[in-house]
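Student: Next up is a structure, given as structure tokens.
The values are calculated or read from the model by the stated rules, or taken from the named source; none is laboratory data. What you see is a predicted model, and the numbers here were worked out from it, not measured in a lab. Cβ sites come from the backbone with ideal geometry, for glycine too, and all protein chains shown count toward neighbours.
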Amino acid sequence: MARDYKRGGKPVSTSLFRTKSVEQSIRDTEEPEHALKKSLSALDLTVFGIGVVIGTGIFVLTGLIAKQTAGPSVALAFVVAGVVCALAALCYAEFASTVPVAGSAYTFSYATLGELPAWIIGWDLVLELALGCAVVAVGWSGYIRSLMDTAGLSLPQALSGTQDGKFGFDLLAAILVLVLTGILVLGMKLSSRVTTIIVAVKVTVVLLVIIVGAFYITGSNYHPFIPHVVHASGGSDLKSPLVQVLFGFAPGSFGVMGIFTAAAVVFFAFIGFDIVATAAEETRNPQRDVPRGILGSLVVCTVLYVAVSIVVTGMQKYTQLSTDAPLADAFKSVGHPFWAGVISFGAAVGLTSVCMILLLGQSRVFFAMSRDGLLPKVFSRVHPKFGTPYRSTILLGLIVALVAGFTSISELAELVNIGTLFAFILVAVGVIILRKKRPDLPRAFRTPLVPLVPVLSALASFWLMLNLPTETWIRFGIWMVIGAVVYVWYGRRHSRMSQRVDQ
């Protein structure tokens with residue numbers, strides 16, 4: 001049981017697992033100085049979801065995994081990853097329609113698992129979204145510099161980032177982050193309009209690639225659709241999957257199991273649909289529109305990923321695909337370099353919206369934690385005119401700009417993956433807990449077959465986590481320990497819930 005004592009005549013809960021009721025979470029959103037402006041529709045949310053999910057993964061990851069892990073059956077790997085995300089999406093949809101409050105998994109965990117788990121997932125999400133945004137900004141900068149080189153223009157090495165051991169500041173990446181930060185400060189509706197234009201451009205490019213590429217498919221390239229298995233060597237290297245280190249089971253490439261191994265990697269291409277839930281508080285009709293936005297964007301993205309993977313493995317034998325730009329090079333292999341240029345343009349445009357929406361999700365989680373007192377309350381004030389959490393947005397934008405500008409970031413996909421999968425597990429568990437604790441709550445969307453679907457979601461997410469490198473788990477653990485220290489030092493003592501008796 002939680003222990004209570006008196007501070008200034010008020011009861012104070014000291015439990016690390018004190019929960020914040022759904023009603024209290026909703027009341028907090030109605031305080032004038034902390035109230036976000038409601039301006040988004042189901043279409044806006046769907047566009048946000050597509051905008052963050054469709055990035056370089058569709059242009060690079062499809063061919064890379066086909067060559068190294070799954071062959072033509074990479075299409076099935078995308079289906080498997082899509083199913084895992086769909087299970088999580090059903091859980092997110094119920095939570096977001098029941099608790100339409102900024103913060104996504106953080107807010108959901110606070111209502112079900114308690115303050116410490118909520119802090120841990122919030123701390124995790126802020127890092128994952130920041131790293132993801134920085135990586136995307138650096139990738140965008142690389143595309144733009146490539147296009148500039150084609151046009152005969154170039155930046156000095158000192159302003160092109162750290163490359164080949166030479167230190168430099170990535171000016172283009174930093175500028176992108178700062179510009180997008182400014183757009184987010186000016187309002188969600190402006191952000192959604194900019195995102196809509198960008199998404200329209202890159203989805204058009206993807207559809208053109210699918211349609212044009214379909215005319216160059218050679219049926220023999222699909223044989224064998226599921227290549228013969230190639231067993232991985234055992235070992236306990238830190239770069240080995242955790243499941244291999246713990247149990248000696250080495251996930252192999254190709255074959256039926258290669259599809260599942262590939263799914264753990266291509267899962268990175270789906271990351272972002274859950275960010276739709278962070279915008280629930282800024283949606284005009286969240287109970288109806290948030291589930292539509294989450295599920296709608298996931299369906300569209302899965303269909304596009306599967307179609308692109310079928311096209312690229314049909315255009316060129318999977319063993320001959322390049323690992324740097326497989327889709328673009330597949331068009332070059334059939335004598336159409338023009339379409340390779342179109343793909344590069346689509347990738348550059350696509351990264352812009354990915355970066356913006358990652359910044360959006362990060363600032364909303366930070367804002368929600370600040371409003372609860374777990375982070376300094378100064379960052380939970382909204383702009384009097386634009387109705388956006390401008391202080392947290394500007395702070396995080398500056399930090400991400402510096403990280404993107406000064407850091408050469410590589411191989412961070414796994415770190416972003418593990419954080420997202422961890423959030424999926426907590427949300428799935430939370431659905432079961434809230435159904436038992438508060439069966440009376442109105443739920444505009446209900447996850448089907450509870451507890452089966454949430455249990456399957458948690459198990460599937462955990463299995464994908466086990467397939468990530470051991471060193472990723474170590475980094476994740478270190479960041480979580482740092483977060484626990486910050487919580488004990490600051491968050492626990494300043495929490496607004498510390499002034500309320502356990503609900």
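Student: Look through Ile121, Ile144 and report the one residue that is in contact with a Phe, Trp or Tyr (Cβ under 6 Å, 6 or more places away or on another chain) and not small (Gly, Ala, Ser).
Tutor: Details: Ile144 fails: in contact with a Phe, Trp or Tyr (Cβ under 6 Å, 6 or more places away or on another chain).
That would be Ile121, the only listed residue that is in contact with a Phe, Trp or Tyr (Cβ under 6 Å, 6 or more places away or on another chain) and not small (Gly, Ala, Ser).
Student: Looking at this structure, is Leu452 closer than 24 Å to Arg288 by Cα and modelled with pLDDT of 90 or more? Show your work before the answer.
Tutor: Details: closer than 24 Å to Arg288 by Cα: yes; modelled with pLDDT of 90 or more: yes.
Criteria met by Leu452.
Student: Here's another thing I want to ask about it. Considering each of Leu464, Leu421, Leu398, Leu449 in turn, give the residue that is out of contact with any Pro (no Cβ under 9 Å at 6 or more places or on another chain), assigned to a helix (DSSP H, G or I), surrounded by fewer than 15 Cβ atoms within 10 Å (Cβ to Cβ) and aliphatic (A, V, I, L, M). Explain how you work it out, then say what you get.
Tutor: Values: Leu464 fails: surrounded by fewer than 15 Cβ atoms within 10 Å (Cβ to Cβ); Leu421 fails: surrounded by fewer than 15 Cβ atoms within 10 Å (Cβ to Cβ); Leu449 fails: assigned to a helix (DSSP H, G or I).
Answer to the check: Leu398.
Student: What's the number of the condition Trp473 fails, among (1) of a type in the set (A, V, I, L, M, F, W, C); (2) buried (at least 18 other Cβ atoms within 10 Å of the Cβ); (3) not in a helix (DSSP H, G or I)?
Tutor: With respect to (1) of a type in the set (A, V, I, L, M, F, W, C); (2) buried (at least 18 other Cβ atoms within 10 Å of the Cβ); (3) not in a helix (DSSP H, G or I), Trp473 is out only on (3).
Student: Quick test for you: out of Pro100, Pro117, pick the one residue that is in contact (Cβ under 8 Å) with a residue 24 or more places away in the chain and under 17 Å from Phe273 (Cα atoms).
Tutor: Details: Pro117 fails: under 17 Å from Phe273 (Cα atoms).
Matching residue, one of Pro100, Pro117: Pro100.
Student: From the list Val382, Val431, which residue is farther than 18 Å from Asp274 by Cβ and either of a type in the set (Val, Ile, Thr) or within 24 Å of the chain's Cα centre (by Cα) (or both)?
Tutor: Working: Val431 fails: farther than 18 Å from Asp274 by Cβ.
Criteria check complete, one pass: Val382.
Student: Further question on the same structure: Hey, can you tell me all the residues within region 40-72 that are modelled with pLDDT of 75 or more and in a loop (DSSP other than H, G, I, E, B)?
Tutor: Ser41, Ile54
Student: Report those helices (runs of 4 or more DSSP H) wholly inside region 161-249 carrying at least 1 residues which are modelled with pLDDT of 85 or more and surrounded by 17 or more Cβ atoms within 10 Å (Cβ to Cβ). Don't jump to the end; show me each part of the working.
Tutor: Details: elements: 171-185, 188-214, 242-247.
Here the list reads 171-185, 188-214.
Student: Looking for whichever is touching a His at 6+ places or on another chain (Cβ under 9 Å), surrounded by 24 or more Cβ atoms within 10 Å (Cβ to Cβ), farther than 21 Å from Asn417 by Cβ and not small (Gly, Ala, Ser) here; the options are Phe331, Phe367. Which one fits?
Tutor: Details: Phe331 fails: touching a His at 6+ places or on another chain (Cβ under 9 Å).
When all the criteria are applied, what remains is Phe367.
Student: Kindly list, by first and then second residue, each pair from a residue in region 227-247 that is under 24 Å from Thr319 (Cβ atoms) to a residue that is at pLDDT below 70 and aliphatic (A, V, I, L, M), limited to pairs with Cβ atoms under 9 Å and residues at least 6 apart or on different chains.
Tutor: From residues that are under 24 Å from Thr319 (Cβ atoms), the pairs are His231/Ala250; Ala232/Ala250; Ser233/Ala250; Pro241/Ala232; Pro241/Ala250.
Student: Now, a different point. Which of the residues spanning region 323-368 are within 26 Å of the chain's Cα centre (by Cα) and part of a loop (DSSP other than H, G, I, E, B)? Explain how you work it out, then say what you get.
Tutor: Taking region 323-368 and keeping what is within 26 Å of the chain's Cα centre (by Cα), we get 323-328, 342-368.
Once the filter is applied, which keeps residues that are within 26 Å of the chain's Cα centre (by Cα) and part of a loop (DSSP other than H, G, I, E, B), region 323-368 yields Thr323, Asp324, Ala325.
Student: Residues in region 115-135: is at least one assigned to a helix (DSSP H, G or I) and closer than 24 Å to Ser309 by Cα? I'd like the intermediate steps shown before the answer.
Tutor: Taking region 115-135 and keeping what is assigned to a helix (DSSP H, G or I), we get 115-135.
Now narrow it down to the ones that are closer than 24 Å to Ser309 by Cα: 132, 135.
So far as region 115-135 goes, yes, one or more of its residues are assigned to a helix (DSSP H, G or I) and closer than 24 Å to Ser309 by Cα.
Student: Next question. Quick one: would you say Gly71 is crowded, with 24+ Cβ neighbours inside 10 Å and either among the polar types (S, T, N, Q) or on the phi > 0 side of the Ramachandran plot (or both)?
Tutor: Working: crowded, with 24+ Cβ neighbours inside 10 Å: yes; either among the polar types (S, T, N, Q) or on the phi > 0 side of the Ramachandran plot (or both): yes.
Here the answer is yes, as Gly71 does meet what is asked.
Student: So which residues in region 106-121 are crowded, with 24+ Cβ neighbours inside 10 Å and more than 15 Å from Val488 (Cβ to Cβ)? Give the derivation first.
Tutor: Initial filter on region 106-121 (crowded, with 24+ Cβ neighbours inside 10 Å): 106-112, 115, 118-119, 121.
Correct list: Tyr106, Thr107, Phe108, Ser109, Tyr110, Ala111, Thr112, Ile121.
Student: Yes or no: region 295-308 includes at least one residue that is surrounded by fewer than 20 Cβ atoms within 10 Å (Cβ to Cβ) and assigned to a loop (DSSP other than H, G, I, E, B).
Tutor: No, region 295-308 contains no residue that is surrounded by fewer than 20 Cβ atoms within 10 Å (Cβ to Cβ) and assigned to a loop (DSSP other than H, G, I, E, B).
Student: While we're here: List the number of the failed condition for Lys436; all other conditions in (1) modelled with pLDDT under 85; (2) assigned to a helix (DSSP H, G or I); (3) surrounded by fewer than 16 Cβ atoms within 10 Å (Cβ to Cβ); (4) not β-branched (Val, Ile, Thr) hold.
Tutor: (1)
Student: Taking Leu153, is it in a loop (DSSP other than H, G, I, E, B) and surrounded by fewer than 24 Cβ atoms within 10 Å (Cβ to Cβ)?
Tutor: Numbers: in a loop (DSSP other than H, G, I, E, B): yes; surrounded by fewer than 24 Cβ atoms within 10 Å (Cβ to Cβ): yes.
So Leu153 passes the test.
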